[in-house]
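I have placed the structure first, in the form of structure tokens, so that the comments after it can refer back to it.
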Amino acid sequence: AREVLSRDDVHCLLDADIIASGVLDEHPARPTVWLVIEVSATIDRNDVERVLQWSELLRRVVPDVIPIVLGETVTEGGRSAASEQRVVLVRNGSIMGWTEAVERWVTSSAS
């Protein structure tokens with residue numbers, strides 16, 4: 001059974017810049033996935049940690065949540081944290097780590 005988010009959890013989640021959902025057509029199970037996106041001019045390790053925190057909160061109530069950081073530039077710490085945690089990194093329209101993020105964060109593969 002899924003949890004219910006507390007009022008504090010909801011307020012924390014509302015700090016995310018963008019939350020969106022859609023169907024992952026490329027996946028055989030075609031699950032509904034939620035994207036939690038942190039937008040920052042310069043992506044750093046703190047941005048990655050924030051988007052992971054928000055994603056974990058949302059994961060309490062929906063199974064498939066993909067964390068994404070989006071920005072113009074990225075620090076080395078931000079790049080390595082995104083890679084280690086399999087967070088999608090979008091820099092100047094270039095998407096890095098999507099396949100790895102789907103493999104880690106989308107649980108509907110058992111369908």
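In region 34-46, is there at least one residue being modelled with pLDDT under 95, surrounded by 11 or more Cβ atoms within 10 Å (Cβ to Cβ) and in contact with a helix residue (DSSP H, G or I) (Cβ under 9 Å, 6 or more places away or on another chain)?
no
Go through region 79-99 and count every residue that is under 25 Å from ASP9 (Cα atoms) and open to solvent by less than 70 Å² (accessible area, probe 1.4 Å).
Of the residues in that region, 6 qualify.
Quick check, is SER55 under 12 Å from the mean Cα position of the chain (by Cα) and surrounded by 15 or more Cβ atoms within 10 Å (Cβ to Cβ)?
Criteria met by SER55.
Among the residues of region 66-78, is any assigned to a helix (DSSP H, G or I), in contact (Cβ under 8 Å) with a residue 40 or more places away in the chain, β-branched (Val, Ile, Thr) and open to solvent by less than 30 Å² (accessible area, probe 1.4 Å)?
Taking every residue of region 66-78 in turn, none turns out to be assigned to a helix (DSSP H, G or I), in contact (Cβ under 8 Å) with a residue 40 or more places away in the chain, β-branched (Val, Ile, Thr) and open to solvent by less than 30 Å² (accessible area, probe 1.4 Å).
Might you check whether a residue that is within 24 Å of GLU3 (Cα to Cα) and at pLDDT 95 or above occurs anywhere in region 71-83?
no
Based on this model, can you work out whether GLU26 counts as open to solvent by 70 Å² or more (accessible area, probe 1.4 Å) and either over 26 Å from VAL4 (Cα atoms) or assigned to a strand (DSSP E or B) (or both)?
The answer is yes for GLU26.
Given the structure, is ARG86 at pLDDT 95 or above, under 20 Å from VAL102 (Cβ atoms), among the charged types (D, E, K, R) and touching an Asp or Glu at 6+ places or on another chain (Cβ under 6 Å)?
yes
The values are calculated or read from the model by the stated rules, or taken from the named source; none is laboratory data. Predicted, not measured: the structure shown is a model, and the values here were computed from it. All Cβ positions, even for glycine, are placed from backbone atoms using ideal geometry, and neighbour counts span all protein chains on display. Side chains included, ligands, DNA and RNA excluded: accessible areas come from the protein's heavy atoms. Shrake-Rupley method; radii C 1.70, N 1.55, O 1.52, S 1.80 Å.
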